[in-house]
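See structure below.
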Amino acid sequence: MRSSPGATVSVVALVLLLSSVTSGAPIIGLDSFLTHQSRVDPHASNDSFLSLPSSIKKPLSQPSSLSLSLSLSPLLSLSLPISLHLHLLGDFPSDTPNLLSAFISAATPSNFHVITPFDSLSHSLSLSHSLHLHITPSPSPSLNSLTSSLSKTLSSHLSSTPSSLRSPLLSIPHSSIDQTILSHFNSLNPNPNPNQVHLYLLNIPPDSDSPSPSKPYAYTYSPGDSSPAVTKCSGTFFTSSLRYFWIDLRAGPVDYGPAISGDGVIPRGEFHPLAALHGRPKSNKAFAADLASLVWSAYHVFLAPSLRIPVPFENSLLIHFIHVLSDADHRDLIGLDWKSIENSFRFESKTDGLFLGDQSLSFRKYEVKYSECSICSFAISRSINSYTSRFLFDNYTLIVSEYLDSKRLHQILSDSGDELRKLAGVPEEDFGRVVPVYVFDLDYTSLLLLDRYHQSVAFKDMVIAVRTKNTQTVSDYSCNGRHVFTQTRELERPIVGSILQSMWGVSPTHMNWSPQHNETLVDYTWSMGQTPFGPFSEMLSLSFVQKDAARRNVLLTSLNYSITSAIDVLQSVETHGGAKNLLKQKQYVEFVQRWNLFKYKLNKAVSALSHLDFEMALFYLRSSDHDLYAIHSIVYHASQEIEASLVCFKDPPFPWGSVSISASAFLALSYVYARRHKLFRNKRKQF
């Protein structure tokens, strides 16, 4: 939104005036009143302003009690503090906590960002965020027993795990370490969803009683070993379904990412923060700087990720699985288990899931034959493109391969969506958010991926997935020195990741918007373990990262809309000469009261977001919508009542005084000019 500097200054001045009450002394009874309203009316269906007692309304209507300030208004600089509890386990220098705190506190707060905004060109939201780090150093009484248990577990696995012929790293199941850390996490947090995230940094030396020397190792995330046809990628960290994750600094070093070219590779060398303990010895300050970089990167991916798209709140969420079958008589659903996909979004506890308030999610499945769907065959044929690759056999050989252009396919499906849904028997939905998932099961023997690399692609209004008779391919990614094999018939995990992007705006763990570069950066550092994104993980379940991001994205979108809408109404007031000139006395009083209450609820929503209390944040945002709507109504009705008036002024009297003085001065100058020879004689004639 762009405006002139003068209008911006006027709006800031008005915002400062109206926010003086809420930034001053607290209003007695307002907090308890709203807390009571959240219990009585948890969905904020009613306007709380109408039931406010007069003892609370009175202090809300006194904006002139404080003077203006030159600082920016809190409305224009709302910031979300995000807490991270860091546990240091093992051998860390004694000054590590102080150095870590110093490095993290030196970082400046940044705004939340959207990778693909809808209407505006701005990728930045109106809310900023900052990291608040709480460190438990090692050794400490609360961590000594945990460190000892982890050391014995690691030593036991290192001594009992046979060496692998395919990798220099020993493979240790992540569950052996995660179960021990989970027990400690549960002892600290009786509530399974605490109001902050915990990070365990492990630098645990092998058990001194272990007879075998230390061996390099990494963690596996699925059962089974690697084989020539199956790649099992190993990592050094794990994100839990609960609000904690851990990083083992002694594990590795591992390398994964694009095999030949591309962004996001994790190098094997010592230059990546994940390999801070590997390579040459470092000073305490350099080691702490690497740890701070690692924590900062994890914070931006796990705790404050970018939004994939803006996500407005909707009560009803509906996913349509539209399966385009090439052979309806022989359904091969191996790798396409609809129930497994659906169960990925179902959770036992409401607070542990993806939904807010009274939201509900429904799944419906439809089928259509490819041979009977002319739109489907047209869309596929028009979207097929080809590319050439050079391979070295006996000599270099060019091979032509085909792929589907996802954007062209999306355009055709968007233009002919109604006809295709009618052919599949999909009913019309009059309300809620509907995301169709088009799965093309093609009778092709060759490989056919979307945009050369993807099995499924997410758009803001649909998900497109494709598979052929081809069962696997060598991808353009590698991990631990070996190419990653993609099982092209298995679509559950790609579809789950795409639904998360389209329905809840959850960004993949390898994508983040960078305002410094003004583009989306790709970094596969955290695309390992429990995540439905990226080519290196096989886990279908969701971690706390995806679950928290799904709910946070809805609230951030709503909060950003409220702030920008409030700025719009203030600009409208300024264009009409200000609130005092536009509004009558009764309207002005209600306007100020509504504004102060709206501002107070926004602050409470941000506070609830900071404590990861998404339900309370939703209540305050829904409740503030009533005040914002009332403010818009007051300004609208006041602007409609403005009457144009013409005031006629009398002609001013003739200025005799000034004319007389001017005439006298003119005559005096004329006299002096006429007698200049006598008044100014030449002095040289006197000698």
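What follows is calculated from the coordinates using simple rules that are stated; it is not laboratory data. From a predicted model like this one, the values you see are computed outputs, not experimental measurements. In this analysis, Cβ positions are derived from the backbone assuming ideal geometry, glycine residues included, and neighbour counts consider all displayed protein chains.
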TODO: Using only the alpha carbons of segment 400-538, determine the length spanned along each of the three principal axes and report them from longest to shortest in whole angstroms.
DONE: 49, 41, 27
Task: Degrees between helix 141-160 axis and first principal axis of the chain (Cα, 0 to 90, nearest 10) - done: 40 degrees
- [ ] Sort W595, W656 so that the residue with the fewest other Cβ atoms within 10 Å of its own Cβ comes first and the one with the most comes last.
- [x] W656, W595
Open item on the list: Given points 7 Å out from each Cα along the Cα-Cβ axis, report the D119 to L667 separation in nanometres with one decimal.
Closed with: 7.3 nm
- [ ] Please sort 545-552, 248-255 by packing, taking for each peptide the average over its residues of neighbouring beta carbons within 10 angstrom, highest first.
- [x] 545-552, 248-255
Task: Selection from W526, L202, I631, by position along the positive dipole direction of the chain (Cβ) - done: I631
Open item on the list: For Cα pairs less than 8 Å apart in space and 6+ apart in sequence, what is the mean separation divided by the residue count of the chain, i.e. the relative contact order in percent?
Closed with: 16 percent
Open item on the list: Using C-alpha positions alone, give me the convex hull volume of the chain per residue in cubic angstrom.
Closed with: 342 Å³
Open item on the list: If I stretch the segment between I384 and D415 completely, what's the gain in nm (0.36 nm per residue apart, minus their alpha carbon distance), one decimal?
Closed with: 9.4 nm
Task: Charge dipole magnitude, Cβ of K and R +1, D and E -1 - the chain, Cα centre, debye nearest 20 - done: 3840 debye
Task: Cα coordinate range in segment 361-470, projected on the principal axes (Å, largest first) - done: 61, 27, 22
TODO: Take the alpha carbon atoms of segment 492-560, find their center, do the same for segment 575-623, and report the distance between the two centers in whole angstrom.
DONE: 32 Å
Task: Cα long-axis angle, helix 656-674 against the chain (0 to 90 degrees, to the nearest 10) - done: 70 degrees
Task: Computed [θ] at 222 nm, helices only, for the chain once each DSSP H run of length n ≥ 4 contributes -39500 (n - 2.57) - done: -12000 deg cm²/dmol
Task: Per-bin percent of Cα-Cα distances, segment 460-616 [5 Å] - done: 1, 7, 11, 14, 14, 12, 9, 7, 7, 5, 4, 3, 2, 2, 1
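Taking the Kirkwood radius as the inverse of the mean 1/r across Cα pairs, report the Rg/Rh of segment 81-303.
That ratio equals 0.98.
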Open item on the list: Nearest 5 percent is fine: what portion of the DSSP beta bridges confined to the chain is antiparallel?
Closed with: 40 percent
Open item on the list: Taking the beta-carbon count within 10 Å as an exposure proxy, list Y387, Y219 from fewest neighbours to most.
Closed with: Y387, Y219
Open item on the list: With 10 angstrom as the radius, rank R452, R433 by how many other C-beta atoms surround their C-beta, starting from the fewest.
Closed with: R452, R433
Task: Cβ-defined net charge surrounding L78, 13 Å radius [Lys, Arg +1; Asp, Glu -1] - done: +3
TODO: Return the Rg/Rh value of segment 220-259, two decimal places, where both radii are evaluated on C-alpha atoms and Rh is the Kirkwood radius.
DONE: 1.02
Task: Mean projected area (nm²) of the alpha-carbon convex hull when segment 490-557 is viewed from all directions - done: 4.9 nm²
Open item on the list: Cβ neighbours within 10 Å, averaged per peptide: list 535-541, 29-35 in order, most packed at the top.
Closed with: 535-541, 29-35
- [ ] Let me know the Kirkwood hydrodynamic radius for segment 540-594, please, with Cα pairs as the basis and the value in Å to one decimal.
- [x] 14.0 Å
TODO: Run the quick spin-label model on W656 and S175: label points 7 Å from Cα toward the beta carbon, then report their separation in nm to one decimal.
DONE: 11.0 nm
Open item on the list: As I understand it, the value is the acute angle between the Cα axis of helix 544-575 and the longest principal axis of the Cα atoms of the chain; what does it come to in degrees, rounded to 10?
Closed with: 10 degrees
Task: Cα→Cβ-extended label distance, 7 Å offset, between H677 and K460, nm - done: 9.1 nm
- [ ] Wrap a convex hull around the Cα atoms of segment 123-246, take a quarter of its surface area, and give that in square nanometres.
- [x] 11.3 nm²
